[in-house]
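As structure tokens, the structure follows; a few thoughts come after it.
The values are calculated or read from the model by the stated rules, or taken from the named source; none is laboratory data. Fair warning: this is a prediction, and the values are worked out from it, not measured in the lab. When we count neighbours, we look across all protein chains shown, and the Cβ atoms used for this are built from the backbone with ideal geometry, even at glycine. All accessible areas refer to the heavy atoms of the entire protein, side chains included, with ligands and DNA or RNA removed. Shrake-Rupley method; radii C 1.70, N 1.55, O 1.52, S 1.80 Å.
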Amino acid sequence: MTYLSVVVPVFNEAPNLGELNDRILESARGLGREFEVIYVDDGSTDDSWTRLEVLQAENRGVVRLIGFNRNYGQHMAVLAGFERVRGQVVVTLDADLQNPPEEIPRLVAKWEEGYDVVAGWRENRQDSILRKLPSLIVNRVAAMVVGVEQHDYGCMLRAYSREVVDQINHCGESTTFIPALANTFARRVTEIKVGHSNRSMGRSKYNLFKLIRLNFDLMTGYSLLPLHAVSLLGILIALLGLGFGFFLFIRRLIVGPEVEGVFTLFAILFVFIGLQILVTGLLGEYVGRIFREVRRRPRYFIRRVVE
Ligand code: UDP
Ligand code: MG
């Protein structure tokens, strides 16, 4: 029976794959148990797939491949891997060698202590400040919506027990953020510090726009908290407006009519108009997601599988 499954999403990582595979195999072999590595090609446009096929041919019975017809994003790729895992413990990691494969045995050892999720925490994260800042927000949002505090939700170097992976497989949602989803199912969650390296080859696949989308997915995907928050805000503003109106009425009685401060009023108005647009947008995000789920299209298309 397979003990460990390693799931790796791959999007245009051709120059990294050889070293990555060597290091994963070496590290997993050290455990002395049966394992498999599943590479999910997320519609790469470089020669990642050809390289993966070579690696698969060299390591039959250990390396398995899944290829999408186009790019669906890192989390969809990991989900496709999850649906096919055979191991009791599932480790995910990035293909860009930023997550050292040598950490796999440590994650697995921690999992053996009886945790459902063992999260990696990149204490010395080797990324630019522009990449780290959005992650800070992701962490806060995730902690808020999931209700589990963790230092590093963005770290994909994690171990999950098979039960959690099976529960994730039952979800079938088309926008997701796996670390957050897993934590909503897990009973016992822990984290360990893991290493993190510079990206030596290729570049980060996340731009600011993708990160903002991810944040919206996270916020709207796991709770109605944003809706509750804006409703409360609306009530608060209405009450303030009411109080202000009352104040003006009394003042009118005492001081008489006055027309100063018109432009201040404009400023205040713009703030509220902005808020209103934001709230409409937020509602739109939910509606859009409902639309996507109702449409019931498959989340991704798998073009080829090599076992
Ligand atoms: N990735 C993917 N599909 C995408 C974007 C990224 O499969 O659309 C993979 C990528 O190949 C890598 C991992 O997800 O293995 C993390 O991506 P990246 O290193 O670009 O992100 P960062 O390290 O900046 O968070
Ligand atoms: Mg990376």
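Numbers at a glance
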item	result
Accessible surface, per residue, of the chain when the full set of protein chains is kept, probe 1.4 Å, Å²	53 Å²
25 Å Cα cut-off, lysine pairs counted over the chain (separation 8 or more, or different chains)	5
Segments 284-292, 109-117 sorted - mean Cβ within 10 Å per residue, highest first	109-117, 284-292
Residue-wise HN-Hα coupling along the range 45-52, computed from phi with Karplus coefficients 6.51, -1.76, 1.60 (Hz; x: Gly, Pro)	10, 8, 9, 4, 5, 4, 5, 4
Length-normalised contact order of the range 82-209 in % [C-alpha pairs under 8 Å, at least 6 apart]	43 percent
The chain: relative contact order as a whole-number percent, Cα under 8 Å and 6+ apart	22 percent
Gyration tensor verdict on the chain (Cα atoms; rounded if a/c is under 1.5, prolate if a/b is larger than b/c, oblate otherwise)	prolate
Summed side-chain charge close to Gly43 - residues other than Gly43 whose Cβ falls under 10 Å, Lys, Arg +1, Asp, Glu -1	0
Environment charge of Trp121, counting only residues whose C-beta is closer than 9 Å and scoring Lys/Arg +1, Asp/Glu -1	-1
Inter-centroid distance (Cα atoms) of the range 72-144 relative to the range 238-259, Å	56 Å
Percent of beta bridges antiparallel (DSSP, the chain, rounded to nearest 5)	35 percent
Contour minus Cα-Cα distance for Glu83 and Asn169 (0.36 nm per residue)	30.4 nm
Accessible area of the range 244-290 belonging to carbon and sulfur atoms, whole % at 1.4 Å probe	80 percent
In the range 187-278, the trypsin sites (Lys or Arg not before Pro) that fall in loop regions by DSSP, at most 10 other Cβ within 10 Å	Arg203
